[in-house]
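Below: the structure, in structure tokens.
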Amino acid sequence: MARPLGYLPPTPPDTAATDELDDLVAALHESGLLRALTGGVRSYPQLLGTLLDVLDARTVRSVVALTTALRDLDPDQAERLATGLRRAREDAATAVESKAEGPLALFRRMRDPDTRRGISAALAALAAVGGAMRDRP
Amino acid sequence: MTSTEPADVDRRAAFRPLSEDAAADPPREVTVSVDGKPVTAVEGRPVLEALTTPPGEPDTFPSVCYHPALGPLQTCDACLVEVDGELVRSCATYAEEGLALDTEGTGGQAASAREEAAQRLVRKHVLYCTICDHNDGACTLKKGIESANLEFERIGHQPKPYEPDVSHAFYRYDPDQCILCGRCVEACQDVQVTETLSIDWSSDDPRVLWDGGVPAGESSCVSCGHCVTVCPCNALMEVTMLGRAGLMTDWPEQTREPAIAMVKDVEPTTGYEPLYLLSDLEATARMAATDTTKTVCTYCGVGCSFDVLTRGREILKIQPQVEGPANSISTCVKGKFGWDHVNADDRLTHPLVRDGDRFRETTWEEALDVVARRLRGIVDEHGSDAIGVIGSSKATNEESYLTQKLARQVIGTHNVDNCSRYCQAPATQGLWRTVGYGGDSGSISDLERASLVIMVGTNTADSHPVIASRLRRAQKLNGQVHVVADLRRHTMAQRADHFLKPAPGTDLVWLSAVARCVLDEGWADEAFLKERVSGLDDYRASLAPYTLEYAEERTGIAADTLRDLARTIADADSVAACWAMGVTQHSMGSDTSTAISNLLLVTGNYGRPGTGAYPLRGHNNVQGCSDYGTINSFYPGYQPVTDADVAQKFAQAWSLPEPMKLEAGLDNHGMIDAVHEGSLKGLVVVGEEISLVDANAAYVQEALEQLDFLVVSELFFSHTCRYADVILPAVSSLEKDGTFTNTERRIQRLNQAMDPLPGTRPDWQILQGIAERLGHVWGYTHPRQVIDEIAGLTPMFAGVTWDRLEGYDSLQWPVAEDGTDTPLLYEESFHFDDGLARLHPLEFREPTDAVDDEYPLHVNNGRVLEHFHEGNFTMRSEGLSRIAPDTYVEMSPRTAAEYGGPGSRGGLRTGDWVRLTSRRGSLEARVLLSDEVADGEVYVPMQTGAINRLTSNETDPDSHTPAYKELAARIECVDGPGEDERPGRRRKPDRDGSPLPRHHHRYGSPTPQLGVRVEEKWARPDYRTPPQPDPEGATS
């Protein structure tokens, strides 16, 4: 004779995060990355030393300065510059494969407004670089 | 609805079954020329399929709106090619020998046209694939525009003036991502045929509309999920996917928006190529962290198969595939969205043993030891037949085989049965009598092919929704005639060409009268009767009482109606008959099933495509459960226990000292009687909610209290668990391997999609554990070993192997050793020694539990779309319960007015609480007024398991199936219920308002039409055929 009884299962713990962590560990293991990471962690002092050997404050400051310069770029200007560089690369490749031009031919190029615009831009850029170097304390 | 528009006529002419169609002509390969190179194509198929690999999916050639299950929609223009100098859509150009395609076109116009089409697609859709939940590496839209060589946006995205629709429980629609391809509309209108979705092409800003323009969650949408499944992008997304599918798709909006804006600003410089690459990388990483597993639905007997996408235990979505043999792209709300039970908080995770007045959590070792010790004790004291084993129609075929093996080999009894006793046994009996096999005589595709389908006592739209969709599609697109006989004017009845409302329990009368009329009028298939059928003379003589006039008198259906029906059925080229619980759960269930089969024989409707008998099986594996031997009178494959040779074969295979006795054991109902009589002492129940689903629940519960020992394996602490001594926590269908057999005898593999919840085990391991402790070491390590053992012992399954069921492959029994299966039975002969079908004489008996002055209302009961059986799974789904939160007592306004009685304030209203009392017991529920139920009758959905407090012990004498549908009751007003006593249920007593929310789909207003009406798009003033650019500001 079995009298009917009730039972309420306890609320299960939320294991979603640990499940996901287990999955990540399994994936890292299967890919071999876990072994690589383990090696990296175990050799951490040596790796850090090696890194410091090639990195100094000057390098870091240079990277930061260059990054800052890139952030200030106007994308439209940059795109025009990039397009110009792309074309320059193509035209230069063509010019290299052609017979070398004589002094007169080179001089005649100065009549071409695009050539003059390019030289102006290059000289202006060089002047700006030079000015910046001069201003450096 | 019959349209004579040329495009609509074409659509009808192209009709073909969507489910696997063995009767289809084999594909004929032809060679077409693509840019001068020979390419193999399938004759008559859209030539686009030959340009893409796999067919219909873009890879190197764009295809966006085309879907192989939907056909050419022609809305996206992305597949334009040139044929004979003319631009044509390759999705609407059909392959024929010698067809020559030029994909570049004159002056490159075809390629330009495709690129222009792609530009228009991204005009309507923001490409942020890397942080899009749809970016699974196979996004149709992304691949489509990529293969159209879209590199830079020329038009740019033009937002629509609509907010995302988040009103639906299961999916979200984002108009701003919608490309207006119309796949969802086509699927809703002409595959599902609920006809909710449309696109108003006359709108200034077209979008997909629900019921012409209401929120999706308040429309006639039945949440079948077709629209979401076929959406080629992220416009329609499962709620479970949103923010969950991708590696970075859970970014908050304040991060997401700027990120998208930044990428859009970069795109004019970079073009799309690096973005395509980036999203491909993300998709690769995402899918590496996502599992895709093919499984089979755990709900009804249609046998839908689909991929389930999971990440650990998280279920991301259900994605049906065209290859699914039963369902293709189709699902119902339960199969697509109803999986919350798998991760429900109240899953059992420890075995429980009864310890005084409580259940104590314990180890598997102790629990199985207790089971073995108690069962052995009963056998030693009272004999093997003092124990019964009840299998589960939810379990796999292999588990069914092991259930009966435990009963027969280990315990030594034929007392083993399953829930088909409650539902399908009468249909099986009717078919055994007349044609030989107890299963559907054809496939779902035969139902699609039939000229006329008779549906008797089947609420197909709610109980077998995907089959209902197939039938509605055949009716809409192919002129299939529907004859529906039912007590209720349910969805299929509302759409029927002929609706019959017989008096309760009188189907046999009108069926026999129609059969007699066919014979008397000379409309029978005389050749078929002469060559393939025996017993005509006796049968004809038995029909003498069934005149049309008698039928009219007894059933209430006019004699002229029945005569016209007889003519219609006799004239139809091919007739298939479906029936379900409205026939079988009667005291004449077997005889009425027989009457249906008799009518099919008289009219020659067996053994040809589009014909046959289809008793629609209710549970996912109720067919397989009996097929594999969990039945008291047969070993697996319907090998009789009374056959000495069979008994010898199994005794030898199972190393029994001697063959088992040649006498059937007790069935479910008999076991309960035997407990009351004191001869049955112990019961093993595999996942069956017997205390609620057997008729006369109080009688069953009293029996369970009297048992010496009861062990139950279950996912949850079910009502039956209350009576158990040991409870063993089992797994869901997503947590195990195995096979299911659907209603069309189709065996399909389900594959484990996730590990079992810690502490739980699949039933095949549980059964093996019990057997081992009782001295029988089975040693199975995987269900495939069980399949091999079955094949060696069972001619019907001789060719069934695990490997032959790989992927979406399936086999329909009987399966020969070489793997040849049988999609259509009886093509050559019937399953009797002489090969002839047998007409079976019948005699009508009056139904039991008739109405009288004290119990004046007839009570009908059954399922609703959102819930399955007693609701142990589906009531744990928040979304399903939001649509259908509770049971109810549905009645007509006239019944409500007449039977309101004292306290009903002049008649019952929707929302009033009532008590329904039968001669056995009562239940309380709210009233729902509707026109679906006839006067003097009420309908009570069974999802809370309460109905069997009312049902009786009366059974069909031929099958011992309870007469659930023969039930009289009285009704009275009450104040309302107490607490819902069933833990874990989401149902909460709600004392006010309608039992169905106002947003329920039955209150929606569908907008029927054929397809997406692309002609209306083409007629828009802002549409130009590519490569011509659309005028500025175009929105379609």
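Once you reduce the range A:44-86 and the range B:512-565 to the center of their Cα atoms, the two points are 93 Å from each other. Loop sites by DSSP among the trypsin sites (Lys or Arg not before Pro) of chain A, restricted to those with at most 15 other Cβ atoms within 10 angstrom, leave A:1-98 as the longest stretch without any of them. Considering the protein assembly as shown, its Cα convex hull presents a mean projected area of 58.4 nm². Out of every Cα-Cα pair that the range A:73-135 contains, those further apart than 17 angstrom amount to 58 percent.
Seen from B:P783, the other residues with C-beta closer than 11 Å to its C-beta sum to a net charge of -3, counting Lys and Arg as +1 and Asp and Glu as -1.
If the chain linking B:E854 and B:S202 were pulled fully straight, counting 0.36 nm for each residue of separation and taking away their Cα-Cα distance, it would gain 228.7 nm.
Calculated on C-alpha atoms, the gyration radius of the range B:559-612 divided by its Kirkwood radius gives an Rg/Rh of 1.01. Between B and A, buried accessible area summed over both sides at probe 1.4 Å, in Å² to the nearest 100? Summing both chains' loss of accessible area gives about 1500 Å². Which percent, to the nearest 5, of DSSP beta bridges fully inside chain B are antiparallel? Around 55 percent antiparallel, to the nearest 5. Extending 7 Å from Cα along the Cβ direction at A:D91 and again at B:A259 yields two label points whose distance is 4.2 nm. Remark on the range B:109-253: ratio of C-alpha radius of gyration to 2.2 N^0.38 Å is 1.04. Please state, as a whole number in µm²/s, the translational diffusion coefficient that the Stokes-Einstein equation yields for chain A at 37 °C and 0.692 mPa s, with Rh defined as the Kirkwood radius across alpha carbon pairs. The estimated diffusion coefficient comes to 141 µm²/s.
Roughly how many nanometres apart are two label points built 7 Å out from the Cα toward the Cβ at A:L106 and B:D803? The answer from the label model is 7.7 nm. Computed over the range B:425-615, the alpha-carbon pair-distance distribution with 5 angstrom bins reads 1, 9, 18, 23, 24, 16, 7, 2, 0, each value a whole percent. Just how far, in whole angstrom, is the range B:578-627 from the range B:184-255 if you go by their alpha carbon centroids? Going from one Cα centre to the other spans 37 Å. Rg ratio for the range B:487-546: its Cα radius of gyration over 2.2 N^0.38 Å, N being its residue count, equals 1.41. With the simple spin-label model, which puts each label point 7 Å out from Cα in the Cβ direction, the B:R919 to B:E677 separation comes to 2.2 nm.
Length gained on full extension, B:S633 to B:S829: 68.1 nm, using 0.36 nm per residue less the C-alpha separation.
Treating r as the C-beta distance of B:S1005 and B:D564 and R0 as 30 Å, the FRET efficiency rounds to 0.40.
Think of the protein assembly as shown as a dipole: +1 on every Lys or Arg Cβ, -1 on every Asp or Glu Cβ, centred on the Cα centre; then among B:S469, B:G993, B:F634, B:G993 lies furthest on the positive end.
For the range B:176-276, the convex hull drawn through the C-alpha positions has a volume of 143 cubic angstrom per residue.
Applying the Karplus relation 6.51 cos²θ - 1.76 cosθ + 1.60 with θ = phi - 60° to the range A:108-118 yields 3J(HN,Hα) values of 4, 4, 5, 6, 6, x, 5, 4, 5, 5, x Hz, where x marks Gly and Pro. Taking amide H as placed 1.01 Å from N in the peptide plane, the amide H of B:L500 sits under 5 Å from that of B:V484, B:A485, B:D486, each at least 5 places away or on another chain. Using only the Cα atoms of the range B:58-110, each taken as one equal point scatterer with no solvent, compute I(q) by the Debye sum, divide by I(0), and report log10 of the ratio at q = 0.19, 0.24 Å⁻¹. Results for the range B:58-110 at q = 0.19, 0.24 Å⁻¹ read -0.64, -0.97.
With a threshold of 25 Å on the Cα-Cα distance, the over-threshold entries among B:K336/B:K1017; B:K476/B:K501; B:K294/B:K394; B:K294/B:K336; B:K317/B:K394 are B:K336/B:K1017. Over all other residues within a Cβ to Cβ distance under 10 Å of B:A289, the charged ones net out to -1, with Lys and Arg as +1 and Asp and Glu as -1.
Take the Cβ atoms of B:D345 and B:V166, set R0 to 22 Å, and the FRET efficiency comes out at 0.30. Positive contributions from Lys and Arg (+1) and negative ones from Asp and Glu (-1), summed over other residues with Cβ under 11 Å from the Cβ of B:G271, come out at -4.
Taking B:W210, B:W778, B:W432 and ordering them by how much accessible surface each has at a 1.4 Å probe, largest first, produces B:W432, B:W778, B:W210.
The calculated FRET efficiency for B:R154 paired with A:I119, based on their beta-carbon distance and R0 = 30 Å, is about 0.25. For chain B, the Kirkwood estimate of the hydrodynamic radius, built from every pair of different alpha carbons, is 30.1 Å.
The values are calculated or read from the model by the stated rules, or taken from the named source; none is laboratory data. On a predicted model such as this, the values are computed, not experimentally measured, just so you know. Ideal geometry is used to build each Cβ from the backbone, glycine not excepted, and the neighbour counts take in all protein chains shown. Areas reflect the complete protein model, heavy atoms only, side chains present, ligands, DNA and RNA absent. Shrake-Rupley method; radii C 1.70, N 1.55, O 1.52, S 1.80 Å.
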